[in-house]
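Q: This structure is in structure tokens; I'll ask about it shortly.
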Amino acid sequence: MAEEKKRIFSGMQPSGLITLGNYLGALNNWTKLQDEYDCLYCIVDMHAITVRQDPAKLRKQAKELLLQYLAVGLDPEKNIIYYQSHVPQHAELGWILNCYTYMGELNRMTQFKDKCAKHADNINGGLYTYPVLMASDILLYQTDLVPVGEDQRQHLEITRDIAGRFNSIYGDTFKMPEVYIGKVGAKIMALQEPTKKMSKSDDNKNNIITLMDDPKEIMNKIKRAMTDSDNEIRFSEDKPGVSNLLGIYCAVTGKTIPEAEREFAGAGYGAFKTAVGEAVVADLEPIQKKVKDLEANKDYLDEIIRSGAEKASRLADRTLTKVHKKIGFPARIR
Ligand code: TRP
């Protein structure tokens, strides 16, 4: 019998345009997993509404995220790509798993505490149980590996705790998922504040480059990026701005840091920034073109959306049927 491929699940929130940081740190790596693994890539719109969203904007951003998943090279034939809200089983398992999660566990979540501080006027139940919905995303598909950043590690831990608890009560039901640590994904920092991560929810647009920024915007933002005053182009902890630009340059060109340092030895920051900007523009141009092409092809997109949800739903049902049976819900008459 052919060995089954391991399953990967990951998702991004449609809460803004994807940044260069999301792309180089995550999305770009996902494309490298699609042959070796059986992957589901979800657009987690249900997570997005844990903070207030403008409806028209949310819908637009979800669509853009889908386009960008496809444009960077995620193949809809090889991966299951879909909107979370199209597969109601996520919510269903979410409810069930809420009943197997302690408030004490949820109280410890650092992202919940951060978000409470940031959205003090809207500390809702969804924000609180966000990790349980995320656990459901993962456990619904009997996921082996979850590629996520460091900031999501605690959510993976609670997912494992919930799965373990359920399994110990009812017998083996959920696969125990693990964090997937890829080959060091580039960690891209905010351009103006290079000691913090580039984040799509940053209010300072000069801190971020999005995948859809036009060449002029990209050049301007990089030229304005914070550096330092010693005019030396080398990677060093005490030079976060220059190091970040070097990191970006290497991530988009595939060069190593020492190679880039040699290349720019003796160059001024002006010339260096121009080179970084041009390299980013060259990397993003084909992606932007692909987005435009896809946008014009509504039927093709609709079919991806429809079949993605259908495939995910079929897999989700298998787990959910098993769960219903274990916890004692009456069997559905079909
Ligand atoms: N919480 C993740 C984030 O903000 C997004 C997410 C939701 C996710 N469900 C997931 C990531 C399941 C991995 C697996 O980045």
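The values are calculated or read from the model by the stated rules, or taken from the named source; none is laboratory data. Please read all numbers here as calculations on a predicted model, not as lab measurements. A quick note on method: Cβ atoms are made from the backbone with ideal geometry, for glycine too, and the neighbour counts reach across all protein chains shown. To get the accessible areas, we keep the full protein, side chains included, count just its heavy atoms, and leave off ligands, DNA and RNA. Shrake-Rupley method; radii C 1.70, N 1.55, O 1.52, S 1.80 Å.
Q: Please go through the stretch 105-136 and pick out each residue that is within 14 Å of the ligand (Cβ to nearest atom), more than 22 Å from MET176 (Cβ to Cβ) and of a type in the set (A, V, I, L, M, F, W, C).
A: Within the stretch 105-136, PHE112, LEU127 meet the criteria.
Q: Being charged (D, E, K, R) and in contact with a Ser or Thr (Cβ under 9 Å, 6 or more places away or on another chain) is the filter; apply it to the stretch 7-58 and report the residue that is farthest from VAL146 (Cα to Cα).
A: Of the residues in the stretch 7-58, the ones charged (D, E, K, R) are 7, 32, 35-36, 38, 45, 52, 54, 57.
Narrowing further to those that are in contact with a Ser or Thr (Cβ under 9 Å, 6 or more places away or on another chain): 7, 45.
Working: ARG7: 9, ASP45: 18 Å.
Ranking the qualifying residues of the stretch 7-58, first place goes to ASP45.
Residues are listed down the side, and each one gets a yes or a no for (1) open to solvent by 70 Å² or more (accessible area, probe 1.4 Å); (2) out of contact with any Gly (no Cβ under 8 Å at 6 or more places or on another chain); (3) free of Cβ contacts under 8 Å to residues at least 40 places away in the same chain; (4) not assigned by TED's automatic domain parsing to the domain that holds ILE18:
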residue	(1), (2), (3), (4)
GLU285	yes, yes, no, yes
LYS289	yes, yes, yes, yes
ASP302	no, yes, yes, no
ALA312	no, yes, no, no
THR319	no, yes, no, no
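Q: Would you check if there is a residue in the stretch 138-148 being within 13 Å of the ligand (Cβ to nearest atom), hydrophobic (A, V, I, L, M, F, W, C) and at pLDDT below 95?
A: yes
Q: Name the strands (runs of 3 or more DSSP E) wholly within the stretch 1-92 that hold at least 2 residues that are farther than 18 Å from LEU294 by Cβ, touching a helix residue (DSSP H, G or I) at 6+ places or on another chain (Cβ under 7 Å) and open to solvent by less than 60 Å² (accessible area, probe 1.4 Å)?
A: Where strands (runs of 3 or more DSSP E) fall fully within the stretch 1-92 and carry at least 2 residues being farther than 18 Å from LEU294 by Cβ, touching a helix residue (DSSP H, G or I) at 6+ places or on another chain (Cβ under 7 Å) and open to solvent by less than 60 Å² (accessible area, probe 1.4 Å), they are 7-12, 38-43.
Q: Could you grab me the full set of residues in the stretch 103-137 that are touching a Ser or Thr at 6+ places or on another chain (Cβ under 8 Å) and either modelled with pLDDT of 95 or more or not assigned by TED's automatic domain parsing to the domain that holds ASP45 (or both)?
A: LEU106, ASN124, GLY126, LEU127, THR129, TYR130, PRO131, VAL132, MET134, ALA135
Q: Taking SER243, is it of a type in the set (Ser, Thr, Tyr) and either in the same structural domain as LEU315 (by TED's automatic domain parsing) or in a loop (DSSP other than H, G, I, E, B) (or both)?
A: No.
Q: Something else: Tell me whether the stretch 264-275 contains one or more residues that are over 24 Å from LYS221 (Cβ atoms) and either touching a Leu at 6+ places or on another chain (Cβ under 6 Å) or open to solvent by less than 50 Å² (accessible area, probe 1.4 Å) (or both). Before you say what the answer is, go through the steps one by one.
A: Taking the stretch 264-275 first, the residues over 24 Å from LYS221 (Cβ atoms) are 265-266.
Narrowing the set further to residues that are either touching a Leu at 6+ places or on another chain (Cβ under 6 Å) or open to solvent by less than 50 Å² (accessible area, probe 1.4 Å) (or both) leaves none.
Scanning the stretch 264-275 turns up no residue that is over 24 Å from LYS221 (Cβ atoms) and either touching a Leu at 6+ places or on another chain (Cβ under 6 Å) or open to solvent by less than 50 Å² (accessible area, probe 1.4 Å) (or both).
Q: Looking at THR173, THR159, which is the one that is near the ligand (Cβ under 10 Å from one of its atoms), modelled with pLDDT of 95 or more and β-branched (Val, Ile, Thr)?
A: Result of the check over THR173, THR159: THR159.
Q: Under 9 Å between Cβ atoms, at least 6 apart or on separate chains: pull out the pairs that start in the stretch 116-129 with a residue that is in contact (Cβ under 8 Å) with a residue 12 or more places away in the chain and end on any residue that is aromatic (Phe, Trp, Tyr).
A: LEU127/PHE112; TYR128/PHE112
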